[in-house]
Amino acid sequence: MIHEVRTSARSFWAGLPVLLFGVFALLAAPAVGCLLLLIGAAIATSYRAVELDIARRRYRNFTWVLGWHAGRWAPLPPTTRVVLKPHSDTIVYAASRRGRFGTDSYISSSGRYEHLTLLLSVPDSIIGEVMEEFTLRQRARAIAVGQRLAEVLGVPLLVLEGV
């Protein structure tokens, strides 16, 4: 049996402007309007999910777009628990430019990226299998997805401090 666990909601509001523009474009250029309506419908109805095929011991993270599952199957590792943990990265950007005297100088800046990582805890592995990343504002959704994955896999959910 295959279980689907949605990790995002449909993106209706993201597709709405394209849909509206497509309706207006139908009057001026029907071919362009039809194309915009198709693109808008694809955006408005798409979502992300994890699919678990317990019988075949495989999973895939995919994006659903107009009935098409875009994502590859991967082996489902032996899982002891589902873990939701806070994570942050410091991202450094660097660029070069030609200086005043013909020399290269480098400019760098950094930014902090904070998110929640949902992963499968795998025995004898310090990394685990990452299922999805959520923004800090999506805390409730991350916990709900973690609970559903844990239920399907028959393992406990561990929510680490700071989530």
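The values are calculated or read from the model by the stated rules, or taken from the named source; none is laboratory data. This structure is a prediction, so every number in the text was calculated from the model and none was measured. Ideal geometry is used to build each Cβ from the backbone, glycine not excepted, and the neighbour counts take in all protein chains shown.
Against the list (1) at pLDDT below 90; (2) surrounded by fewer than 15 Cβ atoms within 10 Å (Cβ to Cβ); (3) on the phi > 0 side of the Ramachandran plot, the condition G128 fails is (2). Check whether at least one residue in region 7-15 is at pLDDT below 85, in contact with a helix residue (DSSP H, G or I) (Cβ under 9 Å, 6 or more places away or on another chain), crowded, with 16+ Cβ neighbours inside 10 Å and not hydroxyl-bearing (S, T, Y), and report yes or no. Looking for residues that are at pLDDT below 85, in contact with a helix residue (DSSP H, G or I) (Cβ under 9 Å, 6 or more places away or on another chain), crowded, with 16+ Cβ neighbours inside 10 Å and not hydroxyl-bearing (S, T, Y), one finds at least one in region 7-15, hence yes.
Close Cβ contacts (under 9 Å, 6 or more residues apart or on different chains) running from residues in region 65-83 that are closer than 20 Å to A55 by Cβ to residues that are of a type in the set (S, T, Y) and assigned to a loop (DSSP other than H, G, I, E, B) comprise P77/S125.
Within region 5-24, residues that are within 17 Å of L66 (Cα to Cα) have Cβ atoms under 6 Å from residues that are part of a loop (DSSP other than H, G, I, E, B) and at pLDDT 85 or above in these pairs: S11/S46, counting only partners at least 6 apart in sequence or on another chain.
The set of residues from region 48-75 being within 24 Å of H115 (Cα to Cα) and surrounded by 13 or more Cβ atoms within 10 Å (Cβ to Cβ) comprises R48, A49, V50, E51, L52, Y59, R60, N61, F62, T63, W64, G71.
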